[in-house]
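Below is one structure, written out as structure tokens; comments come after it.
The values are calculated or read from the model by the stated rules, or taken from the named source; none is laboratory data. Owing to the predicted nature of the structure, the values given are computational and were not obtained by experimental measurement. Using ideal geometry, Cβ is built from the backbone for each residue, glycine included, and neighbour counts are taken over all protein chains shown.
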Amino acid sequence: MGRNEPGKVSIKGKDINMNTQSNKTTLTAPDIVCGGCANAIKNAFGRVPGVSEVDVDVATKQVTVGHEADITRDQLAKVLDDAGFPVS
Ligand SMILES: [Cu+2]
């Protein structure tokens, strides 16, 4: 009891992590058709500083990116675009 978790504060009952300010953005790219596409997209985002996680759902053609708060949706869309998967 009484153990403090560094960086965690509670505001009005909601736990907020002050260490990693991260956002999640979901983008849809209709050209995602198979696991190869998913791997290519994961590799592309793996080279982007500030991106912490990437989840690609081939069935729904959705890419969910965990990233630092100062990365915009447009920047993420450009990464997908450059990898050959234009965002709808
Ligand atoms: Cu593919």
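For residue 84, all conditions in the list (1) outside any strand (DSSP E or B); (2) surrounded by 13 or more Cβ atoms within 10 Å (Cβ to Cβ); (3) touching a residue at least 12 places away in the same chain (Cβ under 8 Å); (4) not acidic (Asp, Glu) hold save one; what is the number of the exception?
The failed condition is (2).
Being in contact (Cβ under 8 Å) with a residue 40 or more places away in the chain and assigned to a loop (DSSP other than H, G, I, E, B) is the filter; apply it to segment 66-75 and report the residue that is farthest from the ligand (Cβ to nearest atom).
Start the filter on segment 66-75 by keeping residues that are in contact (Cβ under 8 Å) with a residue 40 or more places away in the chain, which leaves 66-69, 71, 73.
Next cut, assigned to a loop (DSSP other than H, G, I, E, B) only: 69, 71.
Numbers: 69: 31, 71: 25 Å.
For segment 66-75, the residue satisfying everything is 69.
Given 51, 63, 58, 33, which one is in contact with a strand residue (DSSP E or B) (Cβ under 8 Å, 6 or more places away or on another chain), at pLDDT 90 or above, among the aliphatic types (A, V, I, L, M) and within 16 Å of the ligand (Cβ to nearest atom)?
63
So how many residues does segment 70-88 have that are of a type in the set (Val, Ile, Thr) and more than 12 Å from the chain's Cα centre (by Cα)? Show your work before the answer.
The first filter runs over segment 70-88 and keeps only residues of a type in the set (Val, Ile, Thr), leaving 71-72, 79, 87.
Retained after the next criterion (residues that are more than 12 Å from the chain's Cα centre (by Cα)): 87.
Selection size over segment 70-88: 1.
When segment 34-81 is examined, which residues are found to be loosely packed, with under 12 Cβ neighbours inside 10 Å, under 16 Å from residue 24 (Cβ atoms) and not charged (D, E, K, R)?
60, 69, listed by residue number.
What pairs come out if I take residues in segment 27-55 that are more than 21 Å from residue 72 (Cα to Cα) and pair them with residues that are within 8 Å of the ligand (Cβ to nearest atom) and in a helix (DSSP H, G or I) whose C-beta lies under 9 Å away, six or more apart or interchain?
Going by the 9 Å Cβ cut-off, the qualifying pairs are 31/37; 32/38.
Mind checking whether some residue in segment 13-22 is part of a strand (DSSP E or B), surrounded by 15 or more Cβ atoms within 10 Å (Cβ to Cβ) and modelled with pLDDT of 55 or more? Don't jump to the end; show me each part of the working.
Let us first name the residues in segment 13-22 that are part of a strand (DSSP E or B), namely 14-17, 22.
Checking which are surrounded by 15 or more Cβ atoms within 10 Å (Cβ to Cβ) leaves us with 22.
Imposing the further condition that a residue be modelled with pLDDT of 55 or more reduces the set to 22.
Yes, there is a match, as at least one residue in segment 13-22 is part of a strand (DSSP E or B), surrounded by 15 or more Cβ atoms within 10 Å (Cβ to Cβ) and modelled with pLDDT of 55 or more.
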